[in-house]
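Here is the structure we will look at, set down as structure tokens.
The values are calculated or read from the model by the stated rules, or taken from the named source; none is laboratory data. Note that the structure is a prediction, hence the values are computed from the model and not measured. Using ideal geometry, Cβ is built from the backbone for each residue, glycine included, and neighbour counts are taken over all protein chains shown. We work out accessible area using only protein heavy atoms, side chains counted, and drop any ligands, DNA or RNA first. Shrake-Rupley method; radii C 1.70, N 1.55, O 1.52, S 1.80 Å.
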Amino acid sequence: MNTIYDRWIKMMERKKLELGAARELLEKEESKLTILKTEMEGITEAIQVVQAIAAEMQSVVHEKISNIVTLCLASVFDEPYKFHIHFDKKRNRTEARIVFTRDGQEFDPKTECGGGVVDVAAFAMRLPAIILKKPTQRRLIVLDEPFRFVSKKAYTLRLKQMLERLATEFKIQFLIITHESDLQSGSVFNLEEM
């Protein structure tokens with residue numbers, strides 16, 4: 001009987017040692033978990049700060065882009081659209097959706113606006129990339145028939161005036177390849193004569 005009793009005691013002592021080791025391991029893991037939770041709170045806070053800064057930068061850049069594109073549209077068209085970018089959160093990412101507005105209504109530029117409006121807006125969207133670039137570099141934009149869908153008779157003079165104004169105001173050089181002689185301004189090179 002001593003033998004069964006002795007084995008039982010030894011088994012209990014082993015189990016006590018195992019229980020002590022398990023408790024010690026549990027304490028270490030709980031300590032690690034506390035540290036990880038603290039780190040996670042710091043990371044979450046840092047993410048929130050970065051997201052707030054990104055949203056502010058997005059707002060500032062959006063305003064600059066919108067102002068330039070809207071200015072160009074207003075320079076050319078009698079009843080111009082205003083340019084907006086909607087930033088939507090989808091699939092844990094920010095997606096940009098471009099819309100034009102007029103009289104409180106939104107229009108999809110791909111399907112609800114004429115090609116001339118889209119040409120001017122596409123041209124104007126290139127400008128902020130050069131204007132906002134730091135450090136400032138030579139501001140040169142090369143364009144090949146940039147306004148091919150704009151009604152030539154009605155808007156050519158306005159397009160030319162817009163280009164001249166942008167060149168002066170933002171110190172940008174435009175190198176334009178075009179068949180429209182009415183858009184000529186500054187130094188002109190006629191390749192057909194060369």
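Which of the residues spanning the stretch 74-89 are free of Cβ contacts under 8 Å to residues at least 12 places away in the same chain and open to solvent by 90 Å² or more (accessible area, probe 1.4 Å)? Within the stretch 74-89, Asp78, Lys89 meet the criteria.
Here Val99 fits the description: in contact with an Asp or Glu (Cβ under 6 Å, 6 or more places away or on another chain), among the β-branched types (Val, Ile, Thr) and within 19 Å of Glu63 (Cα to Cα). Selection within the stretch 111-130: residues that are touching a strand residue (DSSP E or B) at 6+ places or on another chain (Cβ under 8 Å), of a type outside the set (Lys, Arg) and more than 20 Å from Ser151 (Cα to Cα). The member of this set that is surrounded by the most Cβ atoms within 10 Å (Cβ to Cβ) is Leu127. Looking across the stretch 90-110, the residues that are surrounded by fewer than 16 Cβ atoms within 10 Å (Cβ to Cβ) and assigned to a strand (DSSP E or B) come down to Lys90, Arg93, Thr94, Glu95, Ala96, Arg97, Thr101, Arg102, Gln105, Glu106, Phe107. Whenever a residue of the stretch 100-118 is of a type in the set (A, V, I, L, M, F, W, C), its partners that are surrounded by 13 or more Cβ atoms within 10 Å (Cβ to Cβ) and assigned to a loop (DSSP other than H, G, I, E, B), lying with C-beta atoms within less than 6 angstrom and at least six residues away or across chains, give the pairs Phe100/Tyr81; Phe100/Pro109; Phe100/Cys113; Phe107/Cys113; Val118/Pro109.
Give the residue, chosen from Leu175, Leu183, Leu166, that is under 14 Å from Leu127 (Cβ atoms) and either under 33 Å from the mean Cα position of the chain (by Cα) or open to solvent by less than 90 Å² (accessible area, probe 1.4 Å) (or both). Give the steps one after another, and end with the answer.
Working: Leu175 fails: under 14 Å from Leu127 (Cβ atoms); Leu183 fails: under 14 Å from Leu127 (Cβ atoms).
One residue alone meets the criteria, Leu166.
Assess whether Ala46 counts as being of a type in the set (Gly, Ala, Ser) and either under 30 Å from Leu166 (Cα atoms) or open to solvent by 80 Å² or more (accessible area, probe 1.4 Å) (or both). So Ala46 fails the test. For the list (1) surrounded by 12 or more Cβ atoms within 10 Å (Cβ to Cβ); (2) of a type in the set (Asp, Glu); (3) more than 29 Å from Val61 (Cβ to Cβ), I need the number of the one condition that Glu145 fails. Every condition holds for Glu145 apart from (3). Annotation: Leu175 fulfils all but one of (1) assigned to a helix (DSSP H, G or I); (2) in contact (Cβ under 8 Å) with a residue 24 or more places away in the chain; (3) of a type in the set (A, V, I, L, M, F, W, C); the unmet one is (1).
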